1. Filter segment 142-164 down to the residues that are of a type in the set (G, A, S) and in contact (Cβ under 8 Å) with a residue 40 or more places away in the chain, then identify the one that is farthest from I69 (Cα to Cα).
2. Looking at (1) in contact (Cβ under 8 Å) with a residue 24 or more places away in the chain; (2) more than 22 Å from the chain's Cα centre (by Cα), can you tell me which one T250 breaks?
3. Kindly provide the set of residues from segment 128-153 that are part of a helix (DSSP H, G or I), open to solvent by less than 50 Å² (accessible area, probe 1.4 Å) and not aromatic (F, W, Y), ordered by number.
4. Which count do you get for residues in segment 209-225 that are more than 25 Å from the chain's Cα centre (by Cα) and either assigned to a loop (DSSP other than H, G, I, E, B) or modelled with pLDDT under 95 (or both)?
5. Whether any residue in segment 37-53 is assigned to a loop (DSSP other than H, G, I, E, B) and not small (G, A, S) is what I want to check.
6. Considering (1) out of contact with any Leu (no Cβ under 7 Å at 6 or more places or on another chain); (2) among the small types (G, A, S); (3) within 20 Å of V315 (Cα to Cα), say which one G253 fails and leave the rest.
7. In segment 219-232, what count of residues is obtained for those that are open to solvent by 30 Å² or more (accessible area, probe 1.4 Å) and either in contact (Cβ under 8 Å) with a residue 40 or more places away in the chain or among the hydroxyl-bearing types (S, T, Y) (or both)?
8. So which residues in segment 195-208 are closer than 23 Å to K276 by Cβ, open to solvent by 40 Å² or more (accessible area, probe 1.4 Å) and either outside any strand (DSSP E or B) or among the aliphatic types (A, V, I, L, M) (or both), if there are any at all?
Amino acid sequence: MAQITDRINRYVFRDRIVKPSRPRQKLTVNDRVLDNQDFLDFWHRVAQRTRYVVEFDTDALVREAALRIKLQLKVSPPKITIQRSELQQTRAGIREGASLYTDQIASRQDLVIPDVITMIQSETDLTRATVARILIDSEKAEAIRVNPQSFITQATAIIKEELRRVMQGGLKYERREGDVWRVSRFRGETALELDRPVDRLYPVQNKDRTVYDFVELDSKGVEGAFVETLDTDERVRYYVKLPSWFTVDTPIGTYNPDWAIMMTDGQSFYLVRETKGSLVEADRRGRENEKIDAARKHFDAIDVDYDVARSFSDVNSHVWQAKLAR
């Protein structure tokens with residue numbers, strides 16, 4: 001049996017390259033930083049947690065969502081795709097070869113109309129009455145009979161997008177007094193043998209500025225240059241690459257900022273920064289911008305300076321302006 005298995009594997013894995021595992025480095029926590037009162041004061045300020053509430057105009061949501069469905073929703077009858085291909089038999093098995101024929105025909109099957117309102121409601125968390133108003137006002141309800149699934153998919157996407165937009169305008173944050181991300185979680189991570197791929201780590205030079213001896217980076221480009229300056233600029237007292245568990249709740253999911261920074265230049269500044277390759281909103285995805293806008297409101301509520309930065313010079317210019325304003 002072993003001989004048979006070995007012979008099969010010669011064909012199955014032939015010409016396949018097995019990549020070696022990436023070298024990894026265990027991170028060590030710096031207790032001198034975590035026990036320092038200045039760091040704890042800084043951390044408790046930026047790590048304050050909040051809760052959010054959303055207020056929005058239901059009539060405005062119905063009006064805008066109905067209009068978009070009326071103008072944008074396009075439904076065609078379902079089609080069946082027929083494809084004929086060659087099959088190639090090799091020693092490693094059977095594979096699909098060249099395509100010989102492809103065609104589409106309209107389905108003549110009687111379509112079952114599902115409970116459209118319930119299905120859209122379950123995806124949007126709106127009331128049945130609100131969903132019904134949107135569909136009626138859109139004047140597109142008859143399209144459900146043409147292709148129910150396509151109608152539900154498109155209408156749900158439009159309603160969710162409009163819902164996010166109106167919610168963003170009515171989004172407010174308030175402190176959860178006494179509730180902060182605990183600094184002890186840094187020690188808990190190292191107790192679980194926290195290790196990361198070496199090629200994503202920056203070796204810290206000034207070890208009394210941050211919590212680990214290596215900083216894990218999402219990219220070596222923008223973040224690589226950013227952390228080098230944090231590590232060397234004499235005005236930076238502390239900095240933390242915020243771990244994945246440090247999140248801000250938003251209506252479209254949790255958001256994990258990039259950096260927390262304490263700068264001292266005659267005065268102390270507590271900052272949180274998101275590093276991006278561009279400061280132009282149009283260069284980022286819509287959901288990214290929505291989470292960034294929510295983060296601004298969260299950090300405003302806890303009196304922490306938050307912004308997007310391409311480089312440390314953006315941070316420095318912002319701090320300089322803040323000094324002049326004081």
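The values are calculated or read from the model by the stated rules, or taken from the named source; none is laboratory data. Just so you know, these numbers come straight off a predicted model, no measurement behind them. Every residue, glycine among them, receives a Cβ derived from its backbone with ideal geometry; neighbour counts consider all protein chains shown. Note: accessible area is taken over every heavy atom of the protein model, side chains too, but ligands, DNA and RNA are not part of it. Shrake-Rupley method; radii C 1.70, N 1.55, O 1.52, S 1.80 Å.
1. Filtering segment 142-164 for residues of a type in the set (G, A, S) gives 143, 150, 155, 157.
Okay, now just the ones that are also in contact (Cβ under 8 Å) with a residue 40 or more places away in the chain, so 143, 150, 155.
Working: A143: 11, S150: 13, A155: 6 Å.
Restricting to residues being of a type in the set (G, A, S) and in contact (Cβ under 8 Å) with a residue 40 or more places away in the chain, the top hit is S150.
2. T250 satisfies every listed condition except (2).
3. Narrowing segment 128-153 to residues part of a helix (DSSP H, G or I): 128-138, 141-145, 148-153.
Cutting the leftovers down to open to solvent by less than 50 Å² (accessible area, probe 1.4 Å) gives us 130-132, 134-135, 138, 141, 143-144, 148, 150-152.
Hits for segment 128-153 are T130, V131, A132, I134, L135, S138, A141, A143, I144, P148, S150, I152.
4. 1
5. Here is the first cut: in segment 37-53, the ones assigned to a loop (DSSP other than H, G, I, E, B) are 47.
Applying the additional criterion that residues be not small (G, A, S) yields none.
No, every residue in segment 37-53 fails to be assigned to a loop (DSSP other than H, G, I, E, B) and not small (G, A, S).
6. Exception for G253: condition (3).
7. Of segment 219-232, the ones open to solvent by 30 Å² or more (accessible area, probe 1.4 Å) are 219-222, 225, 228-229, 232.
Remaining after also requiring either in contact (Cβ under 8 Å) with a residue 40 or more places away in the chain or among the hydroxyl-bearing types (S, T, Y) (or both): 219, 221-222, 225, 229, 232.
Number of matching residues: 6.
8. Residues satisfying the conditions are D199, R200.
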